[in-house]
Amino acid sequence: AGNPAITNKSILNAALGRILKKPLTKGDIKCDTAKIGDGYQTTLSLPGMPGEWGSLAWAGELGHSQKAAEENAAMHAVAALQSDPTYAAMVTGGQQPGAKQPGAKKAKTSGGAPSGGIIRPVGFGGGGELSGAPAKA
């Protein structure tokens with residue numbers, strides 16, 4: 001079993017600190033949570049990230065609490081970062097991008113957008129419901 005203190009949010013916080021090469025500020029990770037039925041849904045964005053990453057958002061599954069909803073959204077953001085060759089090593093605590101690893105060749109990337117749980121653009125409808133996200137009755 002894993003360490004319960006290690007959550008997707010803590011992994012995301014640590015990875016983002018390594019990616020941005022600075023201590024995080026409140027604006028580096030943005031969580032917008034809406035009450036939907038008996039649960040909560042969070043849309044998480046990383047406005048401090050460089051390039052296209054700064055405009056992406058991930059919507060998590062409904063959670064029984066705001067904290068659970070934030071954890072669900074963080075899971076999608078972590079998965080997207082792990083799937084990107086530029087940032088994957090930093091999610092797991094590896095070296096900074098561009099850092100030379102002994103004997104390693106630089107991976108070529110297609111430059112495509114990250115995938116998994118992404119919403120474009122981030123928008124909110126009236127009444128506290130998220131647009132572009134499935135509404136639960």
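List of remarks:
- Take region 8-93 with all the other protein chains still there, run a 1.4 Å probe, and you get 45 Å² of accessible area per residue.
- Calculated log₁₀ intensity ratio I(q)/I(0) where the Debye formula runs over C-alpha points of region 8-93, q = 0.12, 0.16 Å⁻¹: -0.32, -0.56
- The count of lysine pairs in region 8-93 with alpha-carbon distances below 16 Å, taking only pairs 8 or more places apart or on different chains, stands at 5.
- Length gained on full extension, residue 66 to residue 35, computed as 0.36 nm times the residue gap minus the Cα-Cα distance: 10.3 nm.
- Two-site FRET efficiency, residue 10 against residue 52, from Cβ-Cβ distance with R₀ of 22 Å, rounded to 0.05: 0.35
The values are calculated or read from the model by the stated rules, or taken from the named source; none is laboratory data. Computed from a predicted structure; not experimentally measured. In this analysis, Cβ positions are derived from the backbone assuming ideal geometry, glycine residues included, and neighbour counts consider all displayed protein chains. Each accessible area value is taken on the protein alone, full model and side chains, heavy atoms only, with ligands, DNA and RNA left out. Shrake-Rupley method; radii C 1.70, N 1.55, O 1.52, S 1.80 Å.
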